[in-house]
Amino acid sequence: MSSNTNFYSKKLDEIRDQTPRTNSEYDSWRKRTLQEWNQKTGYRDREYINSSGIELKEVYTPEDIPQDTESRLLGMPGEYPFTRGVYPNMYRGKLWTMRMFSGFGTPEDTNRRLKYLIQHGESGLSIAFDMPTLYGFDCDNPRSDGEIGKCGVNVTSLKDMEVIFRGIDLSKVSTSMTINAPAAILTAMYIAVGKKKKIPISDLAGTVQADILKEYIAQKEWIYPPEAHLRLIRDMMTYCTENMPKWNYISISGYHIREAGSSAVQELAFTLADGFYYVDMGIKAGLDVDEFAPRLSFFFNSSINFFEEIAKMRAARRIWATVLKEKFGAKKPRTLLLRFHTQTSGYTLTWQQPLNNIIRTTIEAMAAVLGGTQSLHTNSYDEAWALPSEEAVKIALRTQQIIAEETGVPDVIDPLGGSYYVEWLTNRMEEEAYRYFDEIERMGGILDAVKAGYIQKEIAATSYRRQIRLEEGKEIMVGVNKYTEKEDQPINILKISKAAQKQQLERIRNVKKTRDQLKVDRALQELEDAMRKDDVNTMPFILKAVEAYATIEEISNVGRKVFGTWKEPVIV
Amino acid sequence: MSEERSSEHGKNQLSFKDRPIKILLAKPGIDGHDRGILVLAKAFRDAGMEVIYAGLLPTPEQVVETAINEDVDVVALSLLNGAHMTVFKKVADLMKERGVNDIAIVGGGTIPDADKPKLEKLGISGNYGPGTPISVIIDHVTKRAMEARKLKESGQ
């Protein structure tokens with residue numbers, strides 16, 4: 001086997017071969033006009049680079065992009081390679097889904113918030129879980145003390161999920177659950193709630209995040225070693241492919257990679273590399289790529305460098321279509337579509353002068369729409385402080401509605417297509433992403449690169465560099481290192497009371513008192529047996545345990561016993 | 001440097017006062033938000049401190065155990081999940097229980113202003129949020145470390 005070339009290195013060579021080398025128009029303009037002007041009038045002498053470290057010229061011209069850009073690199077909307085958008089009519093067909101991530105306190109609190117959002121015109125539910133739930137701990141574990149309901153809603157048993165969706169018609173909404181390590185358990189709970197509401201499993205629509213690779217890379221919420229989680233995801237993929245046509249079982253997420261400190265191009269590259277891994281895994285599990293890959297969706301960050309974000313999203317679509325077609329042999333056009341959810345960047349929100357965050361979120365939301373997102377969450381201005389208040393959430397939702405209804409931005413598809421700058425930047429982002437794919441491939445693939453800590457170190461290095469640039473004033477955050485004011489905390493923030501913890505503890509005591517313990521024990525034993533055999537699908541056993549009201553920790557403990565736990569490699 | 005060390009045995013070690021500040025960085029709750037703490041780990045190291053990072057998900061007990069075993073000057077706690085009032089307090093309480101008063105505790109993360117005086121009362125100072133310049137944090141840690149050193153010296 002030749003280790004010097006691989007699919008990605010060949011693509012990289014291809015891109016480089018097609019990149020124009022010279023730009024005589026620009027060079028002569030510099031000499032003819034710009035230099036003299038600069039000397040006469042002065043100029044802002046600073047580095048012009050974006051978050052990805054790509055250096056920017058003053059202006060871009062037709063000579064910066066390949067001559068066959070239109071026919072080869074763009075295509076028309078809804079056509080290969082989908083750079084301009086995944087659907088032929090984009091927002092004229094349907095506006096993006098305004099999906100506001102919510103969830104806090106008790107299941108009752110979250111149920112109220114979801115109903116509030118539905119009432120205000122939200123078209124898809126999105127649920128955040130608290131830390132104990134995300135790590136597979138029950139609310140009555142001493143480690144959960146003080147954490148209940150703090151970063152999302154607490155779910156310890158099926159009972160909690162029943163309350164969250166009380167009075168909500170699951171056949172009419174789609175639900176996105178931001179859950180990773182215990183994704184199979186929460187999916188099983190959702191199925192169980194649907195069953196109780198007499199909704200056929202095939203009608204349940206939604207998404208679980210379940211992207212465990214990015215947990216090891218960025219968000220760091222895992223229970224078992226990577227291989228164990230990947231096996232459980234494989235089981236869930238197989239089960240849902242067979243039973244749940246409207247269930248998107250992996251949302252491959254760049255969001256957290258970016259929030260952990262990566263650049264835009266690192267977000268692009270590491271996220272797609274994760275995606276390629278899942279595609280490969282599905283194929284190895286015997287699934288047909290055209291059957292399961294259309295269910296994979298993506299989740300990107302939209303940060304503050306406007307054009308860089310748009311270029312990133314356009315490049316992502318083209319890369320995914322190209323690799324799925326050329327490397328994985330996908331045949332159906334639908335398989336080639338990179339559909340994605342976007343969230344504006346939490347990191348760019350400042351603790352200082354929080355109302356400025358409304359503006360930042362607006363700009364980031366605009367980039368997401370220009371980038372062709374399928375759904376969008378806009379952050380609330382108070383989120384650098386705490387979970388958002390109702391008022392702040394409403395402003396964030398209204399921001400999307402204003403973009404959608406007032407600005408005319410969604411009226412024309414990919415309005416920045418053909419901009420010399422945006423096309424050039426899209427190509428550059430693509431090239432840099434392939435450079436990473438090639439490097440990762442040489443390390444033995446993304447799983448090995450993650451286990452070695454390589455990806456995490458790359459991100460930590462970028463994050464540190466950015467912090468130093470901020471400290472040196474080379475990058476600006478208004479209100480933080482420029483235009484600062486002395487001020488007190490000026491806004492009202494949402495407080496999660498300890499009552500949530502008390503209520504959850506009481507509920508789980510009741511559940512444990514009233515459930516059939518024998519049934520629980522039997523279900524957990526059967527799950528253990530299933531987990532020990534690699535060729536058995538664990539999903540039906542998890543569902544059985546959930547329906548017996550086994551708790552999230554009891555179910556996770558079976559896995560902890562079978563697979564063990566995980567300590568991450570040294571990053572710093 | 002190695003020559004210097006070997007030339008005068010016994011004097012090669014830096015005196016207690018000149019030894020680099022030793023700091024333990026920890027996220028003692030169920031919280032994976034490690035961007036800030038990783039940046040600080042590098043920054044403290046670049047500032048010449050000896051840095052120990054406890055990794056993710058240590059219990060308050062493990063944090064205190066490590067702090068004592070490693071004889072650090074400062075324990076720096078970070079949480080961005082809203083559990084600081086419970087979990088930071090546990091660390092401070094355990095320190096007190098173990099009779100440790102010469103290790104300073106500093107905090108950081110998403111800590112509302114209203115909680116800061118309560119944490120200060122527990123002996124947890126700093127409590128810086130996102131956007132705080134690194135230099136401010138380093139100055140504070142250095143100040144607290146020197147205070148801890150003084151207590152260590154007087155205790156010897």
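The values are calculated or read from the model by the stated rules, or taken from the named source; none is laboratory data. No experiment lies behind these values; they were computed from the predicted model shown. FYI the Cβ positions are ideal-geometry reconstructions off the backbone, even for glycines, and counts take in every protein chain you see.
Annotations
- The one condition from (1) closer than 30 Å to A:ASN180 by Cβ; (2) touching a residue at least 60 places away in the same chain (Cβ under 8 Å); (3) assigned to a helix (DSSP H, G or I) that A:SER52 does not meet is (3).
Residue by residue, here is whether (1) crowded, with 20+ Cβ neighbours inside 10 Å; (2) part of a helix (DSSP H, G or I) holds:
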site: A:ILE310; (1), (2): yes, yes
site: A:ILE319; (1), (2): yes, yes
site: A:ARG334; (1), (2): no, yes
site: A:TRP351; (1), (2): no, no
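- Residue satisfying all of: in the stretch B:98-120; over 23 Å from B:ARG149 (Cβ atoms) and not in a loop (DSSP other than H, G, I, E, B); nearest to the other protein chains (Cβ to nearest Cβ) among these: B:ASP113
- Criterion: under 30 Å from A:ILE15 (Cβ atoms) and out of contact with any strand residue (DSSP E or B) (no Cβ under 6 Å at 6 or more places or on another chain) - qualifying residue of A:ARG428, A:ARG398: A:ARG428
- Test: residue in the stretch B:118-127 that is over 20 Å from B:LYS22 (Cα atoms) and crowded, with 22+ Cβ neighbours inside 10 Å: yes
- Just one of the listed residues (A:GLN467, A:GLN504, A:GLN456) is within 11 Å of chain B (Cβ to nearest Cβ), buried (at least 20 other Cβ atoms within 10 Å of the Cβ) and under 26 Å from A:ARG560 (Cα atoms), namely A:GLN456.
- Subset of the stretch A:289-308 [more than 21 Å from A:PRO77 (Cα to Cα), assigned to a helix (DSSP H, G or I) and either at pLDDT 95 or above or of a type in the set (Val, Ile, Thr) (or both)]: A:VAL289, A:PHE306
- Put simply, of A:ASP138, A:ASP145, A:ASP109 the only residue that is of a type in the set (Asp, Glu), over 23 Å from the mean Cα position of the chain (by Cα) and modelled with pLDDT of 95 or more is A:ASP138.
- Answer from A:TYR26, A:TYR8, A:TYR60 - the residue that is of a type outside the set (S, T, N, Q) and in contact with a Lys or Arg (Cβ under 8 Å, 6 or more places away or on another chain): A:TYR26
- Only residues that are away from chain B (no Cβ under 13 Å) and either within 9 Å of A:PHE300 (Cα to Cα) or out of contact with any Phe, Trp or Tyr (no Cβ under 6 Å at 6 or more places or on another chain) (or both) were counted across the stretch A:256-272, and they come to 9.
- Only one entry in A:GLY152, A:GLY167 is at positive phi and away from every other protein chain (no Cβ under 14 Å), namely A:GLY167.
- When A:THR399, A:THR462 are checked against the criterion of being assigned to a helix (DSSP H, G or I), more than 11 Å from every other protein chain (Cβ to nearest Cβ) and of a type outside the set (A, V, I, L, M, F, W, C), A:THR399 stands alone in meeting it.
- Qualifying residue in the stretch A:258-275 (condition: closer than 26 Å to A:SER202 by Cβ and not in a helix (DSSP H, G or I)): no
- Inter-residue pairs, beta-carbon under 6 Å, first within 14 Å of chain B (Cβ to nearest Cβ) and in the stretch A:549-572, second assigned to a loop (DSSP other than H, G, I, E, B) and of a type in the set (D, E, K, R), 6+ apart: A:GLU553/A:ASP138
Yes/no matrix, rows are residues, columns are (1) free of Cβ contacts under 8 Å to residues at least 12 places away in the same chain; (2) within 14 Å of chain B (Cβ to nearest Cβ):
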{"site": "A:LEU73", "(1), (2)": "no, no"}
{"site": "A:ARG84", "(1), (2)": "no, no"}
{"site": "A:TRP96", "(1), (2)": "no, no"}
{"site": "A:GLU122", "(1), (2)": "no, no"}
{"site": "A:LEU125", "(1), (2)": "no, no"}
{"site": "A:LEU134", "(1), (2)": "no, yes"}
{"site": "A:ARG143", "(1), (2)": "yes, yes"}
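- Some residue of the stretch B:29-45 being more than 10 Å from chain A (Cβ to nearest Cβ) and either under 23 Å from A:PRO132 (Cβ atoms) or at pLDDT below 95 (or both): no
- Within the stretch B:128-142, the residues that satisfy the criterion of being within 12 Å of the chain's Cα centre (by Cα) and closer than 26 Å to A:GLY479 by Cβ are B:ILE137, B:ILE138, B:HIS140, B:VAL141.
- Number of residues in the stretch A:207-226 that are free of Cβ contacts under 8 Å to residues at least 60 places away in the same chain and either part of a helix (DSSP H, G or I) or touching a Ser or Thr at 6+ places or on another chain (Cβ under 6 Å) (or both): the value is 4.
- Residues of the stretch A:119-149 that turn out to be assigned to a loop (DSSP other than H, G, I, E, B), out of contact with any Pro (no Cβ under 9 Å at 6 or more places or on another chain) and at negative phi, as a count: 8
- One residue from A:LEU518, A:LEU527 being surrounded by 13 or more Cβ atoms within 10 Å (Cβ to Cβ), of a type outside the set (Phe, Trp, Tyr) and away from chain B (no Cβ under 14 Å): A:LEU527
- The condition of being within 27 Å of A:GLY453 (Cα to Cα) and more than 14 Å from every other protein chain (Cβ to nearest Cβ) holds for only one of B:GLY155, B:GLY48, that being B:GLY48.
- Counting the residues of the stretch A:353-375 that are assigned to a loop (DSSP other than H, G, I, E, B) and either more than 14 Å from chain B (Cβ to nearest Cβ) or buried (at least 21 other Cβ atoms within 10 Å of the Cβ) (or both) gives 6.
- Candidates are the residues of the stretch B:51-97 that are among the acidic types (Asp, Glu) and more than 13 Å from chain A (Cβ to nearest Cβ); the one that is nearest to A:ILE223 (Cα to Cα) is B:GLU65.
- Condition check for A:GLU553: in a helix (DSSP H, G or I) and in contact with a helix residue (DSSP H, G or I) (Cβ under 9 Å, 6 or more places away or on another chain): yes
- Check on A:MET477, more than 21 Å from the chain's Cα centre (by Cα) and farther than 27 Å from A:PRO388 by Cα: no
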